[in-house]
Amino acid sequence: MSIISQNPSLFEAPTVWQKQLSQMFRSAADLYDYLEISQENRKKLLLQHENFPVRVTRAYAARIRKNDIHDPLFLQVAPQRAELETLPGYHTEPLEESDYVIEPGVLQKYQGRALLVTTGACAIHCRYCFRRNFPYQEHRLNQQRWQQQIGNLAGDPGIREVILSGGDPLMLSNQALADMIGHVEQLSQVSTLRLHTRLPIVLPTRIDQGLLDTLAASSLDIVVVIHSNHANELDDSVAKALRDLALVSTAMLNQAVLLADVNDNVKALTELNQRYFSEGVLPYYLHLLDKVSGTHQFAVPVQRAKALVEALRQQLPGYLVPKLVTEAPGHASKLPL
Ligand SMILES: *Cc1c(COP(=O)(O)O)cnc(C)c1O
Ligand code: SF4
């Protein structure tokens, strides 16, 4: 036996999910080829985008209908010509806070909760995301930095919950996550750990045994908040990932973004919430789009958004109706509408 095989720490082979991640689509042309987008249809799309390139896992692309530029999943990941325009009222930094930076390791606080930006990386680039205008998507987490940030919370007795956000915290390795959770567990006042993640949807193999074991072993209540906008995003592999996560979590919630032509109708929102409920996930927030340059094609007017949620309320049990919210700078919470 070689030394390497006796001592796995000397040589860590990529895991299944890391290998799949490395095989994702990273260019519009490759994605359009795979989806058999006709030359005619390509004229309506962008072939590249410098700041915010195409990123789509193969698992997600497999759920998109071929040569259908109106497919609700395709619309979320394919750069449209409209992205090049900035309409009045749209900004590169919609939250308009001069010190607003999404650098990894930075903590932001609401009362009782501390949100840690763990990594800038995502396994998908959602075209409506506010992160699209920042050129530093892939920034790595600095270990010293987050240890210090979590350590500082020891002097803050009011913090009951630590939220790992990003980017996507599940882009971190199981080892990095276990280290981080270990540090959070040392804070005696903290009882809950929350994960904000889209990985169970876009790369379900990420929910591997090592992750499940780490979460199961934690003394903290685990809350998983996924991000899915359409029932077509839920296939059998996603369902399995969610069921596995549910076994090690205290609560599973979904936040969605209300997006024109993707899910801005009663049928799509009803199916979204019913299908995820069947896999143990309740709706949490329905976000209005942040007014970020290049995203106006996804905007849904507030009055229409309210009418949609009202229609949901009339035909669904209360627990399947999400809270319609928007984000505004300088507030102590999301703003309910
Ligand atoms: C959105 C957000 C949270 C979480 O808010 P909830 O309403 O508890 O989901 C926490 N901290 C910050 C800074 C946030 O932006
Ligand atoms: S997964 Fe979330 S953070 Fe990442 S690009 Fe999509 S919306 Fe933005």
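Within the assembled protein chains, the solvent-accessible surface assigned to Tyr285 is about 40 Å², based on a 1.4 Å probe. With contacts taken as Cα pairs under 8 Å and at least 6 residues apart, the stretch 134-292 reaches a relative contact order of 19 percent. Beta-bridge orientation, the stretch 252-337: approximately 20 percent antiparallel, per DSSP, counting only bridges with both partners inside.
The portion of the accessible surface of the stretch 97-336 made up by carbon and sulfur, rounded to a whole percent, is 50 (1.4 Å probe; DNA, RNA and ligands excluded).
Measuring nothing but how far apart in sequence close Cα pairs (under 8 Å, 6+ apart) lie, relative to its length, the chain scores a relative contact order of 16 percent. Peptide packing for 39-49, 314-324, 194-204 was compared via the average number of neighbouring C-beta atoms within 10 Å per residue; ordered from the highest value, the list is 194-204, 314-324, 39-49. Of the solvent-accessible surface of the stretch 16-84, computed with a 1.4 Å probe over protein heavy atoms with every protein chain present, carbon and sulfur atoms account for 48 percent. Computed from point charges on the beta carbon alone (+1 for Lys and Arg, -1 for Asp and Glu), the dipole magnitude for the stretch 97-336 about its Cα centre is near 500 Debye. Ranking Leu84, Ala62, Leu35 by how far each Cα lies toward the positive end of the dipole of the stretch 16-84 (charges on Cβ) leaves Ala62 at the top.
Report the net charge of residues surrounding Arg198, where surrounding means a beta-carbon distance below 11 angstrom and charges are Lys +1, Arg +1, Asp -1, Glu -1. Summing Lys and Arg as +1 and Asp and Glu as -1 gives -1. Which of the pairs Lys240/Lys306; Lys66/Lys306; Lys43/Lys66; Lys240/Lys334 have their Cα atoms more than 22 Å apart in this structure? Distance filter (> 22 Å) returns Lys240/Lys306; Lys66/Lys306; Lys240/Lys334. Based on DSSP H segments of at least four residues, each scored -39500 (n - 2.57), the chain has a per-residue ellipticity at 222 nm of -8500 deg cm²/dmol. Determine which residues of the stretch 244-263 fall in the zone a paramagnetic label at Gln315 would reach in this model, i.e. backbone nitrogen under 16 Å from the point 7 Å along Cα→Cβ. Taking a point 7 Å out along Cα→Cβ of Gln315, the residues of the stretch 244-263 whose backbone N falls under 16 Å are 263. Computed on the Cα trace of the stretch 117-260, the radius of gyration divided by the Kirkwood hydrodynamic radius gives Rg/Rh = 0.96. Each principal axis of the chain carries a Cα extent, and these read 56, 51, 42 Å when sorted largest first. Over all orientations, the stretch 16-84 has a Cα convex hull whose mean projected area works out to 4.6 square nanometres. The slack between Val106 and Ser22, meaning 0.36 nm per residue of separation minus the straight C-alpha distance, is 27.6 nm.
Rank Gln186, Pro301, Ile163 by how far each Cα sits towards the positive end of the charge dipole of the chain (+1 on Lys, Arg Cβ; -1 on Asp, Glu Cβ) and give me just the farthest. Of Gln186, Pro301, Ile163, it is Pro301.
The values are calculated or read from the model by the stated rules, or taken from the named source; none is laboratory data. From a predicted model like this one, the values you see are computed outputs, not experimental measurements. We place every Cβ from the backbone using ideal geometry, glycine too, and count neighbours over all the protein chains shown. The protein model used for the area step is the full one, side chains on, heavy atoms only, and it has no ligands, DNA or RNA in it. Shrake-Rupley method; radii C 1.70, N 1.55, O 1.52, S 1.80 Å.
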